[in-house]
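Here the structure comes first, spelled out in structure tokens, and everything after it is commentary.
The values are calculated or read from the model by the stated rules, or taken from the named source; none is laboratory data. Everything numeric in this text was worked out from a predicted model, so none of it was measured. Counting neighbours? That spans all protein chains shown, and the Cβs are built from the backbone with ideal geometry, glycine included. Side chains are part of the model used for accessible areas, which takes the heavy atoms of the whole protein and leaves out ligands, DNA and RNA. Shrake-Rupley method; radii C 1.70, N 1.55, O 1.52, S 1.80 Å.
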Amino acid sequence: WNDTYADYPPGYKKDKCIHELFEEQVLQTPDAVAVVFTSAKSDKQLTYAELNQKANQLAHYLQNMGVKPETLVGICVERSLEMIVGLLGILKAGGAYVPLDPEYPENRLAFMLEDTQSPILLTQSNLLNSLPENKTKLICLDTDWETISKESKENVKSGVKSDNLAYVIYTSGSTGKPKGVLIQHAGFVNLIFSHRKIFNENSQDR
């Protein structure tokens, strides 16, 4: 029953990282819409090329801040286009993202920041007053973007490999303290391909 082995798609190299697969999609469909954010105030969207360029600018900025393979970078933002730019930017820089929900209690956010010792936290200016006091370097993806946008739009070389960390996700902590689960790029990519196979996902799905 557990014999679930399956080959990767033809032509796929097993050592690819998740952001490298994204970059391949950018080359195939640069002008296609990659992400849409709808709110009561406005509808916003980015094409694959636009999203890639913004993520590259952030990645170069993060590398200049010292981010390298497996540097844990926190990201505490509301659902937005900035969230996707932030996640991709961290991965492209070689780091591993640590998602922190702005709705979490302050003591949980403080624990996660202390536990991961993340040197950098990506956030938004409207969330600054709700964040716990910490020594983490704060980067606001809205108000700091003028500085970030001066960086190169070209793809980033980070040296990250498929067995490096992609992200750290925390358990609920219902049976004690929350615990960080380490997810490598290889595991993330495996999940993506299994979803495409099992659910027959295509460009019309969300």
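The table below lists the values:
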{"item": "For the chain, accessible area per residue (1.4 Å probe, heavy atoms of protein chains only), Å²", "result": "61"}
{"item": "DSSP-defined beta bridges in the chain - what % are antiparallel, rounded to 5", "result": "45"}
{"item": "With every protein chain in place, the stretch 1-151: carbon and sulfur % of accessible area (1.4 Å)", "result": "48"}
{"item": "Order of exposure, largest accessible area first, which applies to Met83, Met65, Met112 with probe 1.4 Å", "result": "Met65, Met83, Met112"}
{"item": "Two-decimal ratio, the chain, of alpha-carbon radius of gyration to 2.2 N^0.38 Å", "result": "1.05"}
{"item": "Radius of gyration, Dmax [the stretch 1-69; alpha carbons; angstrom]", "result": "16.7, 50"}
{"item": "Alpha-carbon centroid distance for the pair the stretch 39-113 / the stretch 127-206, whole angstrom", "result": "7"}
{"item": "Given Lys135/Lys157; Lys92/Lys150; Lys54/Lys157; Lys14/Lys179, the pairs whose alpha carbons are separated by over 25 Å", "result": "Lys135/Lys157; Lys14/Lys179"}
{"item": "Those GluC sites (Glu not before Pro) in the stretch 80-182 that DSSP places in a loop and that have at most 13 other beta carbons within 10 Å", "result": "Glu103, Glu133, Glu154"}
{"item": "Estimated FRET transfer efficiency (Glu133, Lys157; beta-carbon r; R0 25 Å; 0.05)", "result": "0.10"}
{"item": "Structure-based [θ]222 nm, the chain - -39500 (n - 2.57) summed over DSSP H runs of at least 4, per residue, nearest 500", "result": "-10500 deg cm²/dmol"}
{"item": "Alpha-carbon Rg/Rh ratio, for the stretch 106-201, with Rh computed the Kirkwood way", "result": "1.04"}
{"item": "FRET efficiency for Tyr5 and Asp43, using Cβ-Cβ distance with R0 set to 41 Å, rounded to 0.05", "result": "0.45"}
{"item": "Trypsin sites (Lys or Arg not before Pro) restricted to the stretch 79-121 and DSSP loop, no more than 11 other C-beta within 10 Å", "result": "Arg79"}
{"item": "Candidates per trypsin sites (Lys or Arg not before Pro) in the stretch 1-53, loop by DSSP, up to 16 other Cβ within 10 Å", "result": "Lys13, Lys14, Lys41"}
